[in-house]
Structure formats: structure tokens, C-alpha cells
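Have a look at the structure below, then the notes.
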Amino acid sequence: MKTLTIIGGSGFVGKSLIDFSNKMGLLQWKINELICISRKKISLKRKRNTTKIKYIKADIKKMKKLNKTDLIIFAVNSNNKANDIKAAKKFILLVKRLSKKTKILFTSSGAIYGKVKNKRKYAETKKIIENMFINLGLNGYNVSIVRMFTFIGKRILDEKNYAISQFINSGLRKKPIKVNTKSKIYRSYMHADDMVRWILTILSKSSSKCPIYNVGSNESISIQNLAKLVGQILKTSVKIKKPNNKKIERYIPIIKKAQKELNLKLNYNLRTALHSIIK
């Protein structure tokens, strides 16, 4: 059996991983212990008879060593360029003291493709860190990189900056769902459970060749139609202001590589994903 460590355990990926472990367990990937390391306190309920979960409140930049682990996910994402790069450098320094058999995964972002406005600094940070992990692979470590897109799950309701969380939270309060965008925006949403399945499968295939995969759904929907769908499910009104220009912004991943090479599938479409978190 294996131990999985996640650095940045209080983020969406970490919380979704814990939720999945509590519901399904991680034995499919032969994982019986999950260690979550985060600067922020993690106060999540643990269920019995599932993967053993251990929480460590710590800042990776100040840690002197990492305990032996079979699998490790680096999911630090503070949206601060200097902080994230410093954290990645320290992480790689500590990883080099572990066995080269350790499998390592970095959660990058689809933003590096340059498709989203106001994401330039964020994308630059992710690309710099990607190169650091690629170099780690060139030194004989088992590394994989996932470029994350947009997701849906119960944890997303706590995020106030995303359109989908705003729509759902408005609908749950029976308030009108409002859409006011300057351009036509298209997104896709992968269910958090599918995200965890994909990440763990990709992590298990990490190698010195450092494979890179997009993680997300390819089911495209406009923000306007997303608002209508949420309004339909929650039986609340929707107010849409027509975009004032013809510009189109798409943020949809191409996921054929992961589907073909690893036989990964999407178990949820957008409607079933919405029903699963709203019920």
C-alpha cells in the first residue's frame, strides 16, 4: 500500500481529494494514507473505515524535510508569483532528498495557453514552475504535470470569484441570477470527483519523461446558457444583459491525450454535475 502527500492541502484540489477519499476511498490507486500539508488550518470531518488522513499545518518554504512518501502532489496556489516560485524551489530541494522512485505531480493551469484575459502573471508563474518540474524529470525523477481548467463541486460554492458559484449561490437563495459580460464567454466544468480520478491516475503514471495532460471537461457552454441551466434547475429567474461586443473568449481543454493514453473518462456531464452538488 502507498502514502500520498499533498502540498497545498487546503485548496480546491486538496479539499476535493479529502472529500473523495471520505466517500470512495483511494484503494483503487493502492493508497491507504493521505497526508495534507498546508499553511492554513484544515478542519474537515474524517469518516471511519476510509483512507487514513493526517493533517500537518506547515509552510513548505520553512520545512526542513519531507517524510518518506510514495506519491506527492504539489498544489500550492497563492496567486502570488514570488511566493509560489519560492515554494516550488524549496519543494524541489526537499524532494531531491527523497527516493527517485517517488512519483510527483504538479498542478499547473490551462491559463498558460494564453486564452484568458488578466491571467498573464498567473500563467507566467505556472510556466516557470512547470519548467522547474520538467528539469526535475530530466534528473531522473518521476514527474507529471496537469494543466487544470475549470471545475464544479461542493467546494466551489465557497469560491466567490467564479461565475458558476455566483449563479448557484444566487439560485439557492432564490435571488435572480444576473449575467453582465462584455463579451461572449465559453467555459466547461469538470466534476471534482472526475478531477480527483484523473489526477491520481496521471500521478500513478509519472515518469522521467514528464508527461503533461490537460485536466477538465470538453463540454462547452456559454456563460449565458450556464446561467439559464442553473436557473432552470433551481427554479429561479435569470437576467441576462446582452454582450456589447462580438469578441468571443473560450477556455475549453483538449483532453484527447489523457483519454487515449490513459483511458480516462468523464463520469459526469454538466447537468448531472450540477444536480450532484445542488441536491
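Data overview
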item: Length released on extending from Arg250 to Ser237, taking residue separation times 0.36 nm less the Cα-Cα span; result: 2.1 nm
item: Above-threshold pairs, the threshold being 22 Å between Cα atoms, out of Lys178/Lys235; Lys126/Lys209; Lys23/Lys96; Lys126/Lys182; Lys160/Lys228; Lys52/Lys279; result: Lys23/Lys96; Lys126/Lys182; Lys52/Lys279
item: Peptides ranked, highest mean first, by Cβ atoms within 10 Å: ranges 172-178, 106-112, 220-226; result: 106-112, 220-226, 172-178
item: Normalised contact order of the chain, rounded percent, pairs of Cα under 8 Å and 6 or more residues apart; result: 18
item: Nearest-20 debye value, the chain charge dipole, Cβ charges on Lys, Arg, Asp, Glu; result: 680
item: Chain lengthening between Lys257 and Leu229 when straightened (0.36 nm per residue, less Cα-Cα); result: 7.1 nm
item: Percent breakdown of C-alpha pair distances by 10 Å bin, ordered from the shortest bin, for segment 1-143; result: 11, 41, 35, 13, 0
item: Label-point separation, Lys101 to Ser183 (7 Å along Cα→Cβ), nm; result: 5.0
item: 5 angstrom amide H check on Thr150, placed H, neighbours 5+ away; result: Ser188, Met190, Ser217
item: Whole-Å semi-axes of the chain's equivalent ellipsoid (Cα gyration tensor); result: 33, 21, 17
item: Where labels lie 7 Å past Cα in the beta-carbon direction, separation of Lys64 and Lys127 in nm; result: 3.9
item: Net charge, Lys30 excluded, C-beta distance under 15 Å - Lys, Arg +1, Asp, Glu -1; result: +4
item: Partners for Lys54 among aspartates and glutamates (Cα-Cα distance below 19 Å; same-chain residues under 8 apart left out); result: Asp19, Glu33, Asp70
item: Ordering of 20-28, 256-264 by packing [mean C-beta count within 10 Å, highest first]; result: 20-28, 256-264
item: Fully extended contour minus Cα-Cα distance, from Glu219 to Lys30, at 0.36 nm per residue; result: 65.0 nm
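Values quoted throughout were computed directly from the atomic coordinates according to the rules given, and no laboratory measurement underlies them. Please read all numbers here as calculations on a predicted model, not as lab measurements. Cβ: placed from backbone, ideal geometry, glycine included. Neighbour counts: every protein chain shown.
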